[in-house]
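The values are calculated or read from the model by the stated rules, or taken from the named source; none is laboratory data. Source: prediction; values computed, not measured. With ideal geometry, Cβ positions are generated from the backbone for all residues, glycine too; neighbour counts draw on all protein chains shown.
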Amino acid sequence: MSGRALVLCSKSPWAPAIRREHALARLAAAAGHEVAFLERPLDLRALRRDPRDYVGVLASPRPWAVSERRTVWRLGTLVPGHRDAAAERLDAALLARALRRTADPRAVRVAMLPWQWPALRRGSARRVFDLADDWRRLIPGRARHLDELHRRIAAEADEVVVVAPALAELFPGRSVVVVPNAVGDELLATAPTAPPGRRRLVYAGTLSERFDAPLMAAVMARLSDWTLDLYGPCTYAGSGDRPAPELTRLLASTSGRVRWHGIVERDRLADALDSADVLVLPNRDRARGQDSMKLYDYAARGRPVAVTTASLDGAAQTPPHLLAADGADGLADVILAAAGEPEGNAGERRRWAEAQTWSARWSRWSDALFGADAAAPSS
């Protein structure tokens with residue numbers, strides 16, 4: 001069954017395919033929609049890695065097919081569009097150029113970052129905004145301008161989709177559709193293994209300013225016989241894909257008890273999570289309204305979960321038997337309590353996750369994108 005084409009202006013590269021937009025691309029293609037996935041543009045930092053490649057994608061967007069109905073487009077820009085007004089204008093012009101090349105002009109176009117919106121110019125195409133983060137908290141220096149963009153989106157978008165109800169407040173006077181995050185089938189495909197019993201903590205997700213590295217350094221000082229394994233990319237402002245100084249200090253301060261393993265592919269994530277006795281989510285208060293995919297992933301493997309209270313601020317929903325606390329003493333205490341939780345808690349978290357799959361989200365998502373007559377996924 002074929003359907004209306006979809007263009008996703010992503011906030012991420014295609015690989016690793018671990019984020020909300022990757023799930024959306026897969027579901028839409030399975031439902032018969034031709035999907036153009038516009039990657040996060042390469043910027044000047046890419047000159048150090050591969051000058052010829054960067055100049056090529058800056059000169060002209062480059063497509064490559066990843067499946068029968070999914071085409072990834074590689075883009076270039078000079079600096080990321082969130083930096084300042086000039087960067088935003090240039091980024092929007094280059095994104096608009098890419099949009100003219102990617103698909104049928106009648107395709108549904110989806111922006112996932114506020115500063116992408118000016119590129120989705122008025123015309124016959126349906127325009128949708130899908131928001132997973134309150135960027136005012138992440139880029140406080142541009143909060144006023146982001147509020148202006150949110151008002152513009154509220155006035156112009158055919159539909160606004162948010163990941164959690166708390167984000168609706170960014171679009172006053174405008175109705176929004178809430179489509180929470182979910183868990184991937186790969187994390188439900190196998191039964192969880194028994195906890196290793198080695199006093200091992202695991203964090204799996206992006207390492208950025210949200211991750212409270214100083215807090216975890218203090219927690220590890222209190223839990224001197226525990227280890228912490230970190231899985232995920234670094235996206236600290238100004239650091240590229242390298243650890244920020246606060247993460248470097250955490251890694252150096254624990255005599256090897258904290259290890260950073262980099263990106264873990266989705267087909268290996270279950271093993272990484274199963275290596276933990278307790279899974280942790282130590283977010284700072286910049287996370288309000290973020291419906292963390294980590295909590296869905298964690299619940300799918302049934303492990304005990306210890307979080308900071310800030311990690312739950314404005315979340316759409318949470319799995320059962322989370323333990324939350326503030327401060328190093330509080331978080332250390334709930335980690336120890338989680339390690340000794342009743343055995344039945346793991347099964348309850350797993351059953352909760354089984355009802356929170358991406359496929360279960362598709363009906364509401366497709367209605368928002370295409371209208372109520374959109375096709376259901378075939379796989």
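Is it the case, given these coordinates, that Leu95 is free of Cβ contacts under 8 Å to residues at least 24 places away in the same chain and of a type in the set (A, V, I, L, M)? Lay out the reasoning, then the answer.
Values: free of Cβ contacts under 8 Å to residues at least 24 places away in the same chain: no; of a type in the set (A, V, I, L, M): yes.
In short, no.
Restricting attention to segment 157-212, which residues are in a loop (DSSP other than H, G, I, E, B) and of a type in the set (Ser, Thr, Tyr)?
Ser175, Thr190, Thr193, Thr206, Ser208 - these are the residues of segment 157-212 that are in a loop (DSSP other than H, G, I, E, B) and of a type in the set (Ser, Thr, Tyr).
Name the single residue, out of those in segment 1-35 being hydroxyl-bearing (Ser, Thr, Tyr) and within 24 Å of Asp241 (Cα to Cα), that is modelled with the lowest pLDDT. Can you show your working first?
Start the filter on segment 1-35 by keeping residues that are hydroxyl-bearing (Ser, Thr, Tyr), which leaves 2, 10, 12.
Remaining after also requiring within 24 Å of Asp241 (Cα to Cα): 10, 12.
Values: Ser10: 96, Ser12: 92.
Only one residue tops the list, namely Ser12.
For segment 128-154, how many residues are at pLDDT below 95 and closer than 20 Å to Ala368 by Cα?
Of the residues in that region, 2 qualify.
Scan Leu230, Leu250 and give me the residue that is touching a helix residue (DSSP H, G or I) at 6+ places or on another chain (Cβ under 7 Å), under 23 Å from Asp329 (Cβ atoms) and hydrophobic (A, V, I, L, M, F, W, C). Step through it out loud before you land on a result.
Values: Leu230 fails: touching a helix residue (DSSP H, G or I) at 6+ places or on another chain (Cβ under 7 Å).
Result: Leu250 is the single residue among Leu230, Leu250 that is touching a helix residue (DSSP H, G or I) at 6+ places or on another chain (Cβ under 7 Å), under 23 Å from Asp329 (Cβ atoms) and hydrophobic (A, V, I, L, M, F, W, C).
Would you pick out the residues in segment 66-80 that are within 28 Å of Arg4 (Cβ to Cβ) and among the hydrophobic types (A, V, I, L, M, F, W, C)?
If the condition is that a residue be within 28 Å of Arg4 (Cβ to Cβ) and among the hydrophobic types (A, V, I, L, M, F, W, C), then Val66, Val72, Trp73, Leu75 are the ones that fit.
Can you name the condition, by its number, that Ala132 falls short on among (1) touching a residue at least 12 places away in the same chain (Cβ under 8 Å); (2) among the small types (Gly, Ala, Ser); (3) surrounded by fewer than 20 Cβ atoms within 10 Å (Cβ to Cβ); (4) at negative phi?
(3)
Out of Arg144, Arg121, Arg136, report the one residue that is under 20 Å from Arg97 (Cα atoms), of a type in the set (Lys, Arg) and out of contact with any Phe, Trp or Tyr (no Cβ under 8 Å at 6 or more places or on another chain). If you could, list the steps in order and put the result at the bottom.
On the way: Arg144 fails: under 20 Å from Arg97 (Cα atoms); Arg136 fails: under 20 Å from Arg97 (Cα atoms).
Just a single option satisfies the conditions, and that option is Arg121.
Does Arg199 satisfy being at pLDDT 95 or above and not aliphatic (A, V, I, L, M)? Give the steps one after another, and end with the answer.
Values: at pLDDT 95 or above: yes; not aliphatic (A, V, I, L, M): yes.
Taking the combined requirement at face value, the residue satisfies it.
So Ala157 passes all but one of these: (1) over 20 Å from the mean Cα position of the chain (by Cα); (2) assigned by TED's automatic domain parsing to the domain that holds Gln290. Which condition number does it fail?
(2) is the only condition that Ala157 fails.
Matching residues to (1) in contact (Cβ under 8 Å) with a residue 60 or more places away in the chain; (2) closer than 25 Å to Gly371 by Cα; (3) under 25 Å from the mean Cα position of the chain (by Cα):
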position	(1), (2), (3)
Val57	no, no, yes
Arg69	no, yes, yes
Asp91	no, no, yes
Pro105	no, yes, no
Ala111	yes, yes, yes
Pro114	no, yes, yes
Trp117	no, yes, yes
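Residues Asp212, Asp229, Asp225: which one is closer than 19 Å to Val280 by Cα, surrounded by fewer than 14 Cβ atoms within 10 Å (Cβ to Cβ), touching a residue at least 12 places away in the same chain (Cβ under 8 Å) and not assigned by TED's automatic domain parsing to the domain that holds His22? Break it down into steps so the answer makes sense when it comes.
Numbers: Asp212 fails: surrounded by fewer than 14 Cβ atoms within 10 Å (Cβ to Cβ); Asp229 fails: surrounded by fewer than 14 Cβ atoms within 10 Å (Cβ to Cβ).
Unique residue meeting the criteria: Asp225.
Which one is surrounded by the most Cβ atoms within 10 Å (Cβ to Cβ), of the residues in segment 322-339 that are acidic (Asp, Glu) and either over 15 Å from Asp285 (Cβ atoms) or modelled with pLDDT of 95 or more (or both)? Full working, then the answer.
The initial filter retains those residues of segment 322-339 that are acidic (Asp, Glu), namely 326, 329, 333.
Add one more test, that the residue is either over 15 Å from Asp285 (Cβ atoms) or modelled with pLDDT of 95 or more (or both), and what stays is 329, 333.
Details: Asp329: 12, Asp333: 16.
Step by step, filter segment 322-339, then rank; the result is Asp333.
Would it be correct to say that Ala154 is in contact (Cβ under 8 Å) with a residue 12 or more places away in the chain, crowded, with 17+ Cβ neighbours inside 10 Å, in a helix (DSSP H, G or I) and out of contact with any Leu (no Cβ under 9 Å at 6 or more places or on another chain)? Don't jump to the end; show me each part of the working.
Working: in contact (Cβ under 8 Å) with a residue 12 or more places away in the chain: yes; crowded, with 17+ Cβ neighbours inside 10 Å: yes; in a helix (DSSP H, G or I): yes; out of contact with any Leu (no Cβ under 9 Å at 6 or more places or on another chain): no.
Spelling it out, it is not the case that Ala154 is in contact (Cβ under 8 Å) with a residue 12 or more places away in the chain, crowded, with 17+ Cβ neighbours inside 10 Å, in a helix (DSSP H, G or I) and out of contact with any Leu (no Cβ under 9 Å at 6 or more places or on another chain).
Please pick out the residue among Thr318, Thr308 that is farther than 24 Å from Met220 by Cα, touching a Leu at 6+ places or on another chain (Cβ under 8 Å) and touching a residue at least 12 places away in the same chain (Cβ under 8 Å). Walk me through how you get there before you give the answer.
Details: Thr308 fails: farther than 24 Å from Met220 by Cα.
Exactly one of Thr318, Thr308 is farther than 24 Å from Met220 by Cα, touching a Leu at 6+ places or on another chain (Cβ under 8 Å) and touching a residue at least 12 places away in the same chain (Cβ under 8 Å), namely Thr318.
May I ask you to verify whether Ala143 is free of Cβ contacts under 8 Å to residues at least 12 places away in the same chain and either touching a Pro at 6+ places or on another chain (Cβ under 7 Å) or surrounded by fewer than 17 Cβ atoms within 10 Å (Cβ to Cβ) (or both)? Even if it seems obvious, please write down each step before you answer.
Details: free of Cβ contacts under 8 Å to residues at least 12 places away in the same chain: yes; either touching a Pro at 6+ places or on another chain (Cβ under 7 Å) or surrounded by fewer than 17 Cβ atoms within 10 Å (Cβ to Cβ) (or both): yes.
For Ala143, the condition - free of Cβ contacts under 8 Å to residues at least 12 places away in the same chain and either touching a Pro at 6+ places or on another chain (Cβ under 7 Å) or surrounded by fewer than 17 Cβ atoms within 10 Å (Cβ to Cβ) (or both) - is met.
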